[in-house]
Amino acid sequence: MTAFVSLENVSHAYAGAEGAPAVEGLTLDVAEGEFAAVVGPSGCGKSTLMKLATGLQFPFKGTVTVAGERVSKPVKIAGMAFQAPTLLPWRTTLDNLLLPLEIVEPYRREMRRRKPEFAERANNLLGSVGLRDQGGKFPWELSGGMQQRASLCRALIHEPKLLMLDEPFGALDAFTREELWCVIRDLHASRKITVILVTHDLREAVFLADRIFVMSARPGRVIAERRIELPRPRDLEVTFTTPFQDIVHELRAHIVKARQ
Amino acid sequence: MTMTRANLLIKASPWLFTIGLLLFWEAVVRAFNIPTFFLPPPSLIAQAFVEFWGPIARNSWITLETTLIGFGLAVGFGLLLGLVVGWSRAIYAGLYPLMIGFNAIPKVALVPILVLWFGIGFVPAVLTAFLISFFPIVVNVATGLATIEPELEDVLKALGASKLDIMRKVGIPRTLPYFFGSLKVAITLAFVGSVISESVASNYGIGNLMLQAQAQFQVPLIFAGLVALAVEGIVMYALMAVLEKRMTRWAQRSGFSQT
């Protein structure tokens, strides 16, 4: 199994940050098409991991490799979504989705010529997350959950090979969150995309991921790795079964230890 | 039904308040027998307005022209400087104290220097209007750019967006409400600037007209000049407010200020 995303003995500190580096000796591999989740206590450098893997930051020690290439500039094959939907309020939802295409080559060059085709693609993507015919609305006319779906679509519009999710459901209510778990699950299943999900929510991680990495408190590194063998496709019901609960408990014990 | 009545009241209320203020003023002046050379009543001011309509109209026009040219310069220069300052942290850090220092200087103190350079009249008035009104535009534009959500910046950077891309797609559009909001402040300040300069160093404009009226002890005319300025100020402010609403509809969706 070759790694699609690989961090090898990576250390990183932010300029101007006093004290401990954000991550130290971090090693982690994610295979192509795999769904990886990263959990850990607050401030364990999960967001730093996101930035390292997408080429927004570069480590002072160790190497980051994505798709067989050492990361030395922003990784354009990645899409990102965060806790805040960060949609642009002056653009309609559809135009928000088209934003990445206005930036990434080769779409950027072809934007004018192929715009109807791109809009069609965006509409289909919206349809796949249950937002069909909502493209003409402005983001502030959508509910929080709908905005987050649109944000996911924006992360996927340029058909990235890698999807990075930084607590994308943190600000949503429990029901909407579970709904979106299923959206992500289906997107992952249908697109064979590699996903790295950073989250606080252990149930979320266990439900979605093939493999979970537990990170220590700052400076962050991986202290445990857990493969989730629950059969796919997983139904929400699985979250109430004993094997599921056992895994959650086991992970929780790791985090409790990491917090001390 | 009550809805429309309440709306009507809100529509009429600025007029009611203005008329109320004028009536109160008139009543106070009459009741306490205040001498008209001290505080003329609105009726006398209106009379002066009619009597001196020619000079008031001519000078109002000159003041308006002066103000608008100064304001136009301020918009152009303020927008440019705001973009530059918002573009780079180093430039921001370097220029910020300079701008604060400059803004702290009372602009009236600059008029003698401007007169020294350009002579009295039109040019120093335009420049004073410009100097006094560009600062809020710069600050607002720079603030709009400086407060781009870091997550959004990350999303775009990860796609390989250049700084110019981020500026064009995100920075400038999201700065527009700040920019148009600052225009309302700037146009009002521009009037202050041109009138100051006109009263100190010009032979034209409302500022000069008021100075001359004062020298001749025509107190109602002084007040008529003030009213002319107030009317110009309100009209320009309203224009800027309409422009702001038009250009940045997406930013005005809150019902907060409408209730």
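The values are calculated or read from the model by the stated rules, or taken from the named source; none is laboratory data. A quick note: this is a predicted structure, and the numbers were derived from the prediction, not measured. We place every Cβ from the backbone using ideal geometry, glycine too, and count neighbours over all the protein chains shown.
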>> Out of everything in the stretch B:26-47 that is assigned to a loop (DSSP other than H, G, I, E, B) and of a type in the set (A, V, I, L, M, F, W, C), what residue ends up being nearest to residue B:218 (Cα to Cα)?
In response: B:37
> Is one or more of the residues making up the stretch B:198-217 touching an Asp or Glu at 6+ places or on another chain (Cβ under 9 Å), more than 14 Å from every other protein chain (Cβ to nearest Cβ), assigned to a loop (DSSP other than H, G, I, E, B) and under 29 Å from residue B:114 (Cβ atoms)?
Replying inline: yes
> For the stretch B:155-197, how many residues meet the condition of being under 20 Å from residue B:244 (Cα atoms) and away from chain A (no Cβ under 14 Å)?
Replying inline: 11
> What number of residues within the stretch A:34-87 satisfy the criterion of being of a type in the set (Lys, Arg) and either within 11 Å of the chain's Cα centre (by Cα) or away from chain B (no Cβ under 11 Å) (or both)?
Replying inline: 3
> So which helices (runs of 4 or more DSSP H) are wholly in the stretch A:129-220 and hold at least 3 residues that are away from chain B (no Cβ under 14 Å) and aliphatic (A, V, I, L, M)?
Replying inline: A:174-191, A:202-208
> If only one of A:36, A:81 is crowded, with 18+ Cβ neighbours inside 10 Å, out of contact with any helix residue (DSSP H, G or I) (no Cβ under 6 Å at 6 or more places or on another chain) and not aromatic (Phe, Trp, Tyr), which one is it?
Replying inline: A:36
>> If I filter the stretch B:146-177 down to residues being surrounded by fewer than 23 Cβ atoms within 10 Å (Cβ to Cβ) and either aromatic (Phe, Trp, Tyr) or in contact with a Ser or Thr (Cβ under 6 Å, 6 or more places away or on another chain) (or both), which single residue comes out as farthest from residue B:190 (Cα to Cα)?
In response: B:151
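So is residue B:43 surrounded by 11 or more Cβ atoms within 10 Å (Cβ to Cβ), under 29 Å from residue B:133 (Cβ atoms) and among the hydroxyl-bearing types (Ser, Thr, Tyr) or not?
Considered against the rule, which asks whether it is surrounded by 11 or more Cβ atoms within 10 Å (Cβ to Cβ), under 29 Å from residue B:133 (Cβ atoms) and among the hydroxyl-bearing types (Ser, Thr, Tyr), residue B:43 comes out as no.
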> Are any of the residues in the stretch B:91-108 in a helix (DSSP H, G or I), surrounded by 15 or more Cβ atoms within 10 Å (Cβ to Cβ), charged (D, E, K, R) and modelled with pLDDT under 95?
Replying inline: yes
> Mind checking whether some residue in the stretch A:26-41 is β-branched (Val, Ile, Thr) and not assigned by TED's automatic domain parsing to the domain that holds residue A:258?
Replying inline: no
> Under the condition of being closer than 20 Å to residue A:191 by Cβ and of a type in the set (A, V, I, L, M, F, W, C), which residue from the stretch A:100-109 is farthest from the other protein chains (Cβ to nearest Cβ)?
Replying inline: A:101
> When residue A:52 is evaluated against the numbered criteria (1) of a type outside the set (Ser, Thr, Tyr); (2) without any contact (Cβ under 8 Å) to a residue 12 or more places away in the chain; (3) part of a helix (DSSP H, G or I), which criterion, by number, is the only one it fails?
Replying inline: (2)
> Of the residues that sit in the stretch B:31-71 and are touching a residue at least 60 places away in the same chain (Cβ under 8 Å) and β-branched (Val, Ile, Thr), which one is nearest to residue B:21 (Cα to Cα)?
Replying inline: B:45
>> Being over 30 Å from residue A:92 (Cα atoms), part of a helix (DSSP H, G or I) and not aromatic (Phe, Trp, Tyr) is the requirement here; does residue B:241 meet it?
In response: no
